[in-house]
1. What does the helix-only formula give at 222 nm for the chain: each DSSP H stretch with n ≥ 4 adding -39500 (n - 2.57), the total divided by the residues, and the result rounded to the nearest 500 deg cm²/dmol?
2. With an 8 Å Cα cut-off and a minimum separation of 6 or more residues, compute the relative contact order for the range 5-118 in percent.
3. Specify the angular offset, from 0 to 90 degrees and rounded to the nearest 10, of the alpha carbon long axis of helix 343-358 from the longest principal axis of the alpha carbons in the chain.
4. Which net charge results when you count Lys and Arg as +1 and Asp and Glu as -1 among the other residues whose beta-carbon is under 14 Å from that of residue 316?
5. Leaving out ligands and nucleic acids, and using a 1.4 Å probe, what accessible area per residue does the chain come to in Å²?
6. Pick from 37, 234, 76: which residue has the top mean-square fluctuation in a GNM of the chain where Cα pairs under 10 Å get a spring?
7. Compute the orientation-averaged projected area for the chain from the convex hull of its Cα atoms and round it to one decimal in nm².
8. Just list whichever of 62/315; 62/242; 230/315; 78/242 have alpha carbons separated by over 25 Å in the model shown.
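The values are calculated or read from the model by the stated rules, or taken from the named source; none is laboratory data. Everything numeric in this text was worked out from a predicted model, so none of it was measured. Counting neighbours? That spans all protein chains shown, and the Cβs are built from the backbone with ideal geometry, glycine included. Ligands, DNA and RNA are stripped out before the accessible areas are found, and what is left, the full protein with its side chains, is counted by its heavy atoms. Shrake-Rupley method; radii C 1.70, N 1.55, O 1.52, S 1.80 Å.
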Amino acid sequence: MMMDAGMDLLHSSGVELVQYLQLNYRDSQSWFTFISIAADLRNTFFVFFPIWFHLCEAVGVKLIWVAVIGDWLNLIFKWFLFGHRPYWWVHETKLYANSSLPTLQQFPLTCETGPGSPSGHAMGSAGVWYVMVSAFLTFGLQKKRSGFQKWSLHIVLWTVFCMIQVCVCTSRVFLAAHFPHQVFTGVLSGMVVAEVFGRINAIYNVNFKRYLQITLFLFSFALGFYLLLKVLGIDLLWSLEKAQRWCARAEWVHINTTPFAGLVRNMGALFGLGLALNSPIYAESCKGKRGQQLSFRISCIVVSLIVLHLFDSMKPPTQREFLFYFLSFCKSAAVPLAAAVLVPFCVSQLVNRQDKKEL
């Protein structure tokens, strides 16, 4: 009983913060919407990965592992914690039975269908940016610098990291998609995942068989956990009904925000990474002398970003769930394949032809 009262107090104070932000920063709606879109893990796969992979392969590989495992853990945490979201909690709670119901504005990005705790956007953003800031520090400290310069570099980069996380957390609260404590725990969880994977060097030498085994294990564990609780009478997709019931507009409830949509996307990305890194074409294109040339790497980055942008514009049909999940898996698997194998191979072939013409 005391725990319920404590959660009600935590949720109600969170609702007050949502109202405060929506009232006092209503002109910043487009900014908060942009931040929330930018913090989506999709950008890790379609933007950050191709850039970092061709600048420093190890960082690109770590980004995928941190993003995938972090989001998988986020799903498991959400299924364990049964966290509510502000936009439906205000309608479900009995706390306001004798008073006026708080009014929360909803937006197209508000009505996510999974449980709310911890925040997936905050956890993913914290993990991914933790990896990138650590990489920047590593590269920056390779040159001989004074103690003051090293200290200043740390301060600047970690300040940028904190500012980004504050913006992400504020945007998620403003949109009424999360309570403050959910984004806070999301940031902490993401940093822990990134720090752990920063110490695991085995991820850089994983063969395809191991990638396949890990992918199957993660998917089977999540699916098995869901089915087990389903048999016991606990539906882990309970939040989907609440989203459909309390979302202001039905078209704002998207299948791509469901727990299983995120699961198959992440499994596809990890599978595709394993397939790409163990491809003979990858070894030929990226591991040879050509792959060491900066101009070649820059060309691969530019072409990858263009190709993946066009690829991202193709959305799987949502009419049939199984087809949507299958195509989402294939699409995610194709991203690392395109960035790490197809694009470098094509760029390499074009450069070779150009070299032959000049001869």
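1. Dividing the helical sum by the residues of the chain leaves -23500 deg cm²/dmol.
2. 31 percent
3. 30 degrees
4. +3
5. Heavy-atom accessible area per residue stands at 52 Å².
6. Of 37, 234, 76, the Gaussian network model singles out 234 as fluctuating most.
7. Values: hull surface 89.1 nm².
Seen from a random direction, the Cα hull of the chain projects 22.3 nm² on average.
8. Working: 62/315 27 Å; 62/242 35 Å; 230/315 30 Å; 78/242 15 Å.
In this structure, 62/315; 62/242; 230/315 exceed 25 Å between Cα atoms.
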